[in-house]
Amino acid sequence: DTEVTQTPKHLVMGMTNKKSLKCEQHMGHRAMYWYKQKAKKPPELMFVYSYEKLSINESVPSRFSPECPNSSLLNLHLHALQPEDSALYLCASSQAPTGAVGEQYFGPGTRLTVT
Amino acid sequence: GQNIDQPTEMTATEGAIVQINCTYQTSGFNGLFWYQQHAGEAPTFLSYNVLDGLEEKGRFSSFLSRSKGYSYLLLKELQMKDSASYLCVVDSNYQLIWGAGTKLIIKP
């Protein structure tokens, strides 16, 4: 199984809502990533979990809160978002980053619209 | 600073060959990736180069020259489905630096 799954595919939320994005992989990868991608731009790294511990937080606002319940699951909790947070949110995984980062496998993404 | 340059857009004809160039200036180098991304979809891995030279994988090949900070992705026998963005990504001291991507348009 070389698939990363993400739910939901689409999400529309108001600025006062609380929602969560979910990501799952069963490849035994020990590094998992959240990216944000705006139209016609490359993905921007938000968070990296390595062996279920947060290893990189790229100065992301606190209205985004990541969680890694176990080695297969990654969540992104959303609260009090702004319209400019509307984007495609991508989850990715790779083998444990003991050396170079390695090939990343991406999920299909969640298209988020904040109204 | 860390910087990756690649052309914004290229156009090629179905059945032809196209070369997408990437130059980089990064503080470290652990390898270079090429990803393909169709509009509205997630990136998919195409190739990885860590040593100088050419890596061939079917219709796609990728070349690296570390001394020149240069890579290219070569696509042969172009098909309409190759219309996508191609992203050059450098692993710089275990931090991924993403290029802005090259949008490749294939014409019949």
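The values are calculated or read from the model by the stated rules, or taken from the named source; none is laboratory data. The model shown is predicted, which means the values in this text are computed figures rather than measured ones. Note that each Cβ is placed from the backbone with ideal geometry, even for glycine, and that neighbours are counted across all protein chains shown. These accessible areas exclude ligands, DNA and RNA; they are computed on the full protein's heavy atoms, side chains included. Shrake-Rupley method; radii C 1.70, N 1.55, O 1.52, S 1.80 Å.
Of all residues in the range A:59-71, none are in a strand (DSSP E or B) and aliphatic (A, V, I, L, M). Which residue is farthest from the other protein chains (Cβ to nearest Cβ), if the candidates are limited to the range B:94-108 and must be over 13 Å from residue B:24 (Cβ atoms) and assigned to a loop (DSSP other than H, G, I, E, B)? That would be B:108. Here residue B:41 meets each of (1) touching a strand residue (DSSP E or B) at 6+ places or on another chain (Cβ under 8 Å); (2) within 11 Å of another protein chain (Cβ to nearest Cβ); (3) surrounded by fewer than 18 Cβ atoms within 10 Å (Cβ to Cβ) with one exception, condition (1). When the range B:24-38 is limited to residues that are open to solvent by 50 Å² or more (accessible area, probe 1.4 Å) and either polar (S, T, N, Q) or over 11 Å from residue B:84 (Cβ atoms) (or both), the one that is nearest to the other protein chains (Cβ to nearest Cβ) turns out to be B:29. Restricting attention to the range A:69-81 and to residues that are among the hydrophobic types (A, V, I, L, M, F, W, C) and open to solvent by 20 Å² or more (accessible area, probe 1.4 Å), the residue that is farthest from residue B:38 (Cα to Cα) turns out to be A:80. Within the range A:37-71, being at pLDDT below 95 and among the small types (Gly, Ala, Ser) holds for A:39, A:50, A:55, A:59, A:62, A:71. Working carefully through the options A:60, A:101, find the one that is touching a strand residue (DSSP E or B) at 6+ places or on another chain (Cβ under 7 Å), more than 22 Å from residue B:38 (Cα to Cα), of a type in the set (Val, Ile, Thr) and more than 13 Å from every other protein chain (Cβ to nearest Cβ). From the options A:60, A:101, the qualifying one is A:60. Residues that are out of contact with any Lys or Arg (no Cβ under 7 Å at 6 or more places or on another chain) and surrounded by 14 or more Cβ atoms within 10 Å (Cβ to Cβ) within the range A:46-55 comprise A:47, A:48, A:49, A:52, listed in sequence order.
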